[in-house]
Structures are given as C-alpha cells and as structure tokens.
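The values are calculated or read from the model by the stated rules, or taken from the named source; none is laboratory data. Quantities reported herein were computed from a predicted structural model and do not represent experimental measurements. Ideal geometry is used to build each Cβ from the backbone, glycine not excepted, and the neighbour counts take in all protein chains shown.
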Amino acid sequence: MTLAIPLSFAESTARERVEHLLDPGSFEELMPPAERVTSPHLELLGVPSAFDDGVVVGAGRLAGREVLVAAQEGAFMGGGVGEVHGAKLVGLLRRALRQRPAAVLVLAESGGVRLHEANAGLIAVSEVMRALLAVREAGLPVVMLIGGANGCFGGMGLVARCADRVVMSDVGRLAMSGPEVIESSHGVEEFDSRDRGLVWRTTGGKHRYLMGDCDVLVEDDIAAFRTAAIEALDAAVPLTLESLEAEQALLADRLARYGDCRDALDVWGRAGVPDPAAVPDLEADAVRALRGARREEAA
Amino acid sequence: MTWQDLLSALFDTHAVQREGELLHGSAELDGRMLAVVGTTDHAAIGVELALAQARLVLQTVREHPGRPIVLLVDTQGQRLRHRDELLGINRYMAHLGCCIELARRRGHRVIGLVYDQALSGGFITSGLIADACYALPQAEIRVMRLPAMARVTKIDEARLEELSASNPVFAPGVQNYVAMGGIQSLWQGDLRTELRAALAAPPGGDERAALGAQRGGRRLAAEVAARVRDA
C-alpha cells in the first residue's frame, strides 16, 4: 500500500487547489487570465491588478460528476471581493441554474470586501449572496471549502453561512470581522489580534466545527477536501420556513447557553468537551470524535 | 429624519414600537397592512439584533402570508466585539439574510429603505437583500470614509478625493450607490407616493448590475457575470 503525501490546501494557490480537488485534467476555466479582464478601479489607483481579478471560476468533474467551481486567490489582495471578482462569482452561480451541476464548490479565501473598490465590493457581495440562494432554491447544493491562510471573513463569511454545507480544515478560519479590525476599534483588551491562540480558538476550524458552524472538519490536505466535496454532491439542503425556524431556535439556544462565555474554552467546557484546554493540540479526527460523542449523548 | 417622523410620513397609521435599537410592528397604507422591521440609533448589528430581526421576518411569513415587509435601515455595521465573533455572528447575520430571501420567495414584497446610515456588514443582510433598496437623500451609505481608506490602501487622500469625483466606487454617498445600482432610487418627494410605487413595481430578479451599467457607475459587473454565465 502506498500512502499519498498530503498536499497542503493552505499552502497551495487557488489554481493548484482546483487542479487537485477535481478529477485530473477535467477543469476548464471560464474567463481565464488570457482574456485579461482586470479591475478598472485598481488601475485608476495605480495598484497592480491581476488577469483573473483574484478568483478562478470554471467547470470540471468530481468523481466523474459535473461540478462548477470557484476558487479565491488569497495572495491577490487577500481574496478581497471587487467588482469583477464578485461578478465572476455571480456569473458562475447563475450558470449553475442553466447547467444544473451536481454541486457548486466555492473554495473561499477572502478578507471580504476589497477596500480599494469598497462600494462596488459591498454590492457585489450581496449579489453573490442572492445568486447563491437562487442556486439553493433550484435544489442544487453549494459547498464552501475553507482552508486558506487568509481565512474567510467579512462578506464572504456571510456568503459561507448561506451555503448548504461548510467544510473547513483545522487551520481554516471563518468569521465576520477580523481580529485586527476589532482590536483597532475597541482596543487590545477586547481582542488581542497578536494572540494567535486566542484568534485561532475564536475563528478557527475546530471551534466552528464544535459549534456546528462548519459541517465537516478535515486535515489541511487537498485530498481530504476532495473526499468531503464528493460526499456533498447532490446533497442539497432545502431552505424552508421549517428549516429556518429550526435555525432560529438553534441560534437562540446558542445565545442562551453560551452568551456569557468569555472564551472558546468556556464554550467548549460548557458544551461537554471533557478537556477543553487540550483541544488546540488535537488532530482533526479527534475533534470529530468529540462532536460525535456529544451527538450520541444528546440522542 | 427621526424614525417617528419617518413612519408618520410613510404610512397612514402605524403601531411600530421601539425596543432598544429595534423597530418593529405593523403599519397601514391605503388600507393595506405592512410589516415594519428595522433598527435605529445607528445600531451596531450584533447577534441579538440580527436574531431579533430574523424572528420578526419569520413571524410575518408564518402569521401574515404575503404581507409586504419594509426594512428600515440605520446601522453602523456589524458589532465589532470578540463575543459576537465567538458566537458566530456571521451565521446570525446570514440567517437574517436567508429569512428575508425566504419571505421574498413566498410572495412577500420586501422593500429596504436607508433612512439614516448604512454601513458595510450591517447592510448586506438587510436592505441589500430586499427586492429593492431605496434611500432618503440625506442618508449616508459607505464601507469606510476616505481617510480610513487612504490608510488601508496607502493612497493619498487628496488623490482619492480627486478620483471620487468621477468614479462612484471610491467615495461614500447615497448618490454613488444609486449610480452603481445598489440603490434603486432616492425618495425625494412624498414618501407615501414613493412607497406606493415601490410596492407596485413588479418583483423581478437581481437587476442591480444591469442598472449600474446603465447608470455608468459599475460598467463591468453585468457584462462579466453574463459572460461567465453564458460562455
């Protein structure tokens, strides 16, 4: 038996992620860099632009099934959503309505709205959100795969939680406001952005998984993301009054249970995790076992 | 304009109450009942406020099928606190957005109105997810002010100011959001007349990028989205 060497999702580029996530050689990029559609706003500002505006979109196969894929490039402006970048995401989601793939996969890595073209980015994020919800309404699953070094923040953090399913690695992060923004707004006592442990256990994959904000927790390995994506094919979760009322109850219950917690360690302890302080050092499978144990207890 | 004056100008009668920073209740225009959900005092949208608004939208869908919903927007954005992040504020806000989407899909007209201030994240999952979002001329909409933008982008503020004169993407302002299609129009005249017209407009898909192209504020979005969709 040969063991495949893990290929780090976090350390790969957007194109490498797509290439290794999908069936070999199956990816066809839409509006590829050769078309040179760049941000007109960055150009005006004299800021270097990218020929893909920081997002790769296209179609390919996953386990033989047709899928649509978008991958944000964190190395370009932190994956920030500008006019063109956002429009590519919207276009891909609208294409899904026509093409009806087995899933739309979004490899999200973004600080949110690109501040250089903030107004356009803000509107674009809301367009992405509406386009995504239209895909769900059509019964097609949208799956978020989060494991890039820049995390998934701001508007993309909202988009992520509109999807059917969220897959994260333990190094992935998912949140609304970045720790630096909170620190600069309310001081280092509120959120010390340089305290890596604190940042990680507030926004990281393990916390999100233990809270249920991410459905699948994987190791930082593209093959593990691939397996999780295959499991998500055809698995659309309809958005109904009943499902949203269940979500409302879940979020109200979370607030009642954990609303006074000061740290993730308190949350985990109260959630029944036996040794919260040990969680940061656990492998992903050990963390998965923790949630499984809690589920059985609840049942 | 205060929320009390706004409500008197928008409706014939109303029973909208203020609960902290939350506004909610029913209102009547031309004998037709509407649901009002919103915030005031430049509310920071934290987990509680997002959840409370979501509850009101769901309640309207369950108890008053088809009743139009007016979202009154006055927010300084999402609440910037460690506790909100710990609790997963992005999920609470996304839930609000999903509830509004559900209401629309079940036949409720959803009208957003920025009557005071709308900032970044607090706006995305309320007014910006409505069928159409409008603004009062004196309202302010922005992600960040120019001095902050100058710091982040390391571009001279004077230069940003100069660019803002011709490109609505850079500077705050409701007029810029109209030019980019994010705001359908400004409500300048009689507010009842404006609201009537908004309620009468046929609900369609998301045409904001096309509007932005027509108005010259976002020249590429519609074209790029169409090319990716149809290629």
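Taking the criterion of being at pLDDT 85 or above, surrounded by fewer than 21 Cβ atoms within 10 Å (Cβ to Cβ) and within 30 Å of B:VAL37 (Cβ to Cβ), the residues of the range B:133-174 that qualify are B:LEU136, B:PRO137, B:GLN138, B:GLU140, B:GLY173. The condition of being at negative phi, surrounded by fewer than 24 Cβ atoms within 10 Å (Cβ to Cβ) and at the interface with another protein chain (Cβ under 10 Å from one of its Cβ atoms) holds for B:ARG106. For the range A:17-38, the criterion of being crowded, with 21+ Cβ neighbours inside 10 Å and of a type in the set (Gly, Ala, Ser) is met by no residue.
Looking only at the range B:78-93, which residues are surrounded by fewer than 24 Cβ atoms within 10 Å (Cβ to Cβ) and in contact with a strand residue (DSSP E or B) (Cβ under 9 Å, 6 or more places away or on another chain)? B:LEU80, B:ARG81 - these are the residues of the range B:78-93 that are surrounded by fewer than 24 Cβ atoms within 10 Å (Cβ to Cβ) and in contact with a strand residue (DSSP E or B) (Cβ under 9 Å, 6 or more places away or on another chain).
Kindly indicate whether A:LEU251 is without any contact (Cβ under 8 Å) to a residue 60 or more places away in the chain, assigned to a helix (DSSP H, G or I), more than 22 Å from the chain's Cα centre (by Cα) and under 21 Å from A:GLY157 (Cβ atoms). So A:LEU251 fails the test.
So is A:ALA59 in a helix (DSSP H, G or I), of a type outside the set (D, E, K, R) and out of contact with any Cys (no Cβ under 9 Å at 6 or more places or on another chain) or not? For A:ALA59, the condition - in a helix (DSSP H, G or I), of a type outside the set (D, E, K, R) and out of contact with any Cys (no Cβ under 9 Å at 6 or more places or on another chain) - is not met. Picking from residues in the range A:246-288 that are of a type in the set (Val, Ile, Thr) and over 15 Å from B:GLY88 (Cα atoms), the one that is farthest from the other protein chains (Cβ to nearest Cβ) is A:VAL287. The number of residues in the range B:96-148 being under 30 Å from B:LEU163 (Cα atoms) and of a type outside the set (A, V, I, L, M) comes to 19. Only a single item in (1) touching a residue at least 60 places away in the same chain (Cβ under 8 Å); (2) of a type in the set (A, V, I, L, M); (3) out of contact with any Lys or Arg (no Cβ under 7 Å at 6 or more places or on another chain) is not met by A:LEU210, and it is number (3). Does B:LEU195 satisfy being more than 21 Å from A:HIS85 (Cα to Cα), assigned to a helix (DSSP H, G or I) and under 17 Å from the mean Cα position of the chain (by Cα)? Judged against the criteria, B:LEU195 is a match. Go through the range A:254-289 and give me each residue that's in a helix (DSSP H, G or I) and either basic (Lys, Arg) or more than 24 Å from the chain's Cα centre (by Cα) (or both). A:ARG254, A:ALA256, A:ARG257, A:ASP266, A:GLY269, A:ARG270, A:PRO276, A:ALA277, A:ALA278, A:ARG288, listed by residue number. Residues in the range A:65-85 that are under 23 Å from B:PHE170 (Cα atoms) and within 14 Å of chain B (Cβ to nearest Cβ): how many? Total meeting the criteria: 8. Restricted to strands (runs of 3 or more DSSP E) entirely inside the range B:1-81, those with at least 3 residues that are in contact (Cβ under 8 Å) with a residue 12 or more places away in the chain are B:22-29, B:32-39, B:43-45, B:69-73, B:75-78. Among the conditions (1) within 9 Å of another protein chain (Cβ to nearest Cβ); (2) under 27 Å from A:PRO274 (Cα atoms); (3) not small (Gly, Ala, Ser), A:TYR209 misses just one, which is (1).
Restricting the range A:95-123 to residues that are within 19 Å of the chain's Cα centre (by Cα) and at the interface with another protein chain (Cβ under 7 Å from one of its Cβ atoms), the residue that is surrounded by the most Cβ atoms within 10 Å (Cβ to Cβ) is A:LEU122. Within the range A:180-206, the set of residues being crowded, with 17+ Cβ neighbours inside 10 Å and facing chain B (nearest Cβ under 8 Å) comprises A:VAL181, A:ILE182, A:PHE191, A:THR202, A:THR203.
Of the residues that make up the range A:86-94, is at least one in contact with a Lys or Arg (Cβ under 9 Å, 6 or more places away or on another chain), crowded, with 24+ Cβ neighbours inside 10 Å, more than 23 Å from A:ARG173 (Cα to Cα) and more than 11 Å from chain B (Cβ to nearest Cβ)? Checked the range A:86-94: no residue is in contact with a Lys or Arg (Cβ under 9 Å, 6 or more places away or on another chain), crowded, with 24+ Cβ neighbours inside 10 Å, more than 23 Å from A:ARG173 (Cα to Cα) and more than 11 Å from chain B (Cβ to nearest Cβ).
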